[in-house]
1. Somewhere in the range 389-399, is a residue aromatic (F, W, Y), part of a strand (DSSP E or B) and within 25 Å of T687 (Cβ to Cβ)?
2. Conditions: (1) crowded, with 17+ Cβ neighbours inside 10 Å; (2) in the same structural domain as R450 (by TED's automatic domain parsing). V561 meets all but one. Number of the miss?
3. Is it true that T485 is buried (at least 24 other Cβ atoms within 10 Å of the Cβ) and β-branched (V, I, T)?
4. Go through (1) among the hydroxyl-bearing types (S, T, Y); (2) over 27 Å from K576 (Cβ atoms); (3) touching a helix residue (DSSP H, G or I) at 6+ places or on another chain (Cβ under 7 Å) for Y745 and report which single condition fails.
5. If we scan the range 342-360, do we find a residue that is at pLDDT 95 or above, of a type outside the set (S, T, N, Q), touching a Lys or Arg at 6+ places or on another chain (Cβ under 8 Å) and over 27 Å from L482 (Cα atoms)?
6. Give the residue that is modelled with the highest pLDDT, with candidates limited to residues of the range 177-215 that are over 22 Å from L350 (Cβ atoms), surrounded by 13 or more Cβ atoms within 10 Å (Cβ to Cβ) and touching a Pro at 6+ places or on another chain (Cβ under 7 Å).
7. I need the full set of residues from the range 438-460 which are crowded, with 22+ Cβ neighbours inside 10 Å and part of a loop (DSSP other than H, G, I, E, B), in order please.
Amino acid sequence: MAKKKHPIIAHGELYIKPISKKGSGGPKKIPHEYPFAKQKMVNDLEQISREIHENREIFLDEKIICVRMEPKFEAKSYVPSSLILSRENMVIVGGRKYTFADNKGEEQSAKLYFMRMNDQGIQLLRHTLESGLKDNIENWRNQIGSIHSLDLLSPEEKIMGFPNDWENGVVEIVLHPINNQRGKMISIFYETIGIPQERTAIKSYEGGLTFISAKCNRDEIEKIKRFNPLRALHPLGRIKIGPLRSNVRFEAPTVVPAKRKSKITVGVFDGGADESVPLLRGYTKTYKCVESPSDPEYLAHGVAVCGAVLHGNLAGKSKSDILPIPSVSVDSFRVLPLKDTADFEAALGLYEAIDVIETTVKDRPDIKLYNLSFGPQGAIIDDSISRFTYVLDRLTYDVAEGEINPLFGIAVGNDGDLEDPFNRIQAPADMVNGLGIGAFSYTPDGQKTRASYSCIGAGREGAKVKPDFLEFGGSPENPFVLVGTQPNTLSSGSGTSFASPLAVGKIGRLMAQCEKIVPHLGRTLLIHNASIDEGLSQDEQGYGFCIENVDDILTCEDKKVTILYSGTLEPTQTVKLPIFAPEINSVRGNVKITWTIAAIVDPCANDPDAYTNNCIEDVFIPHELVYHFTKQGFNKYRLNLSKPEDAIKAGELLSKGYNRSEFPVSKPAKRSWNETDLRMIDLKWDTVIRKGQSMRGSSLLNPHLTLRAIGRNEYEVRELKYFVAITLDAPRYVGSLYDAILQNYQNLIPIEIRSANRVMVEIE
């Protein structure tokens, strides 16, 4: 008998309650004795002053100085803010990771902060150290003792991602934020390297970095890397689009003539589209956004991508088939091809495309869903954020109050068959507020597997799980069948270029079917419902394979129920998010609870190691009456206060000076309080959380999550939007779990699954 299907349930946020939570963690042993650390810092400042004096031509009035922390001192509580003695003369302007060899010759990784100082600031810091003015201040002593060294970033540390045989090409140059001297900085920069400004593209962000795209050779890079305000310099690869087998043609099916189209519009930035192609006609609107002329190869790619958004993979379709009206419509913005890649104009083309994207997204608040199936070839670099990535993350986050945040689906790139590290995902698929989509294909026996060309993870700090998931992208043996540029024809191809619009189109379909689904809730649901292949690593598949039929996402069963939540967390706020499970304690056998959380965070390009300015910490509480009881020097007890004998025992322990834990016992317990481990193991600071627990029903009582907003430094002032999907699977539940939830929590409402006709509008 087929299992009964019900609409998934929404409005879980109506039961979310704020709770208070004390801080946790304890003091850490400071690695250096204060007298030694103080003298070493004085010596470091003397060396810095000598280097500045000897190389005045590469410095501005404001200098960028490195504060290198010792390993394991990455938490925000160890930010060297005590060194800021005068905000007029010194300020922290970002950071990154650095590596060094310890006394045993072993490589260590630690945090580096960039501090902008003028000469007065350097002198003030040195005077404060030498005079002993702050010797009795504990926080000052501890921060001085946790610093490895002060110095200037070496030229070699600024150059990233260049192969040994690189001689010339397009590069991205990143300059530090300079307070009141940005114009002077840029002028001195051009004088230093001797490249005419008109042969570069430049973009500065208020209070942030300056990005320059330029075509350089190795000799010019040798000059650039000495410039003190230089933060990073890395190659910008050429645009590489997915291959089309245009020589393979198929007779196309037809589509219902377009008299009405969906009001849910997907914006596609690509090589343009041809509105006269029958399968696009009426459902696609085109915009020319760049000066470069249209190119047949890029046009074919753009048509294919638009067709994938509208109709998906057309394999198996024939001339006799009539396709349904698409659930979405497409606005195609032509930004490809870039300017001539044979000379310096290559440096201008990508930035021109990024400029168009920035302007278009801001000018089109009606479009909330976008696809990009292109980007510069080349693996991402951990210690540098590309302008492309930063722009998309910023556009996602910065919306007017009450507005829906847009979502970008990005192809991760097609260099997955290269050697490590060149097979890593490509910008801007490393964005933390969007979807980086890889591709799967099929084995000869019909099993899904990562397509060999699909780039792999890991992602960067803030989104280490990349790709987010895999979608069908085709292969030479089993190609993705696409809309062709010739009338009534199909073509075929393969690549992440086609996997991405297929996934974006699925989110559009979810939005068309349910008004409750906004783009980032759609993002959450696709990740939540992705299926893991235990034979593949996380770097290959992310959270797994995208669900084939998105209609299945919107329904659940009697004993397997999905609840949706959405909300906003205030800075440092902790909330209790209930997992609705009436009478779950009486269930025999195991109950599986899975949850997925997706947040939209404030990006910080100044610090790739702290790119997500804020995030969510989640804790799973399976039983609301199970607590730990502890006393220094004595055994720890775990007691279930719903049991009379444990309640009596708890009273005895409290009378003996034991303390009850602030919150019920969590599962799993946090494995480490070390910041490095929390990042690597618990994916702290990541924008997506997907976890699950399988437990005996008898060990559950009013289970819930606690969600806590955390931020870095001054960024705690920003609110944090989040979306949650929780699935409760209790196969041996007596009766209908679905009905029991609705009966016990009457503010919960099943989503309304609507007909596609509800989102259709007349074509103008």
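The values are calculated or read from the model by the stated rules, or taken from the named source; none is laboratory data. Given the structure is predicted, the values throughout are model-derived calculations rather than measurements. We place every Cβ from the backbone using ideal geometry, glycine too, and count neighbours over all the protein chains shown.
1. Checking the range 389-399: not a single residue is aromatic (F, W, Y), part of a strand (DSSP E or B) and within 25 Å of T687 (Cβ to Cβ).
2. V561 satisfies all of (1) crowded, with 17+ Cβ neighbours inside 10 Å; (2) in the same structural domain as R450 (by TED's automatic domain parsing) except (2).
3. no
4. (2)
5. yes
6. Among those that are over 22 Å from L350 (Cβ atoms), surrounded by 13 or more Cβ atoms within 10 Å (Cβ to Cβ) and touching a Pro at 6+ places or on another chain (Cβ under 7 Å), it is M185.
7. A451, Y453, S454, C455, G457, G459, R460
The rows are residues; the columns are (1) among the aromatic types (F, W, Y); (2) surrounded by 20 or more Cβ atoms within 10 Å (Cβ to Cβ); (3) in a loop (DSSP other than H, G, I, E, B); (4) modelled with pLDDT under 95.
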position	(1), (2), (3), (4)
Y565	yes, yes, no, no
T572	no, no, yes, yes
A598	no, yes, no, no
N606	no, yes, yes, yes
C615	no, yes, no, yes
G633	no, no, yes, yes
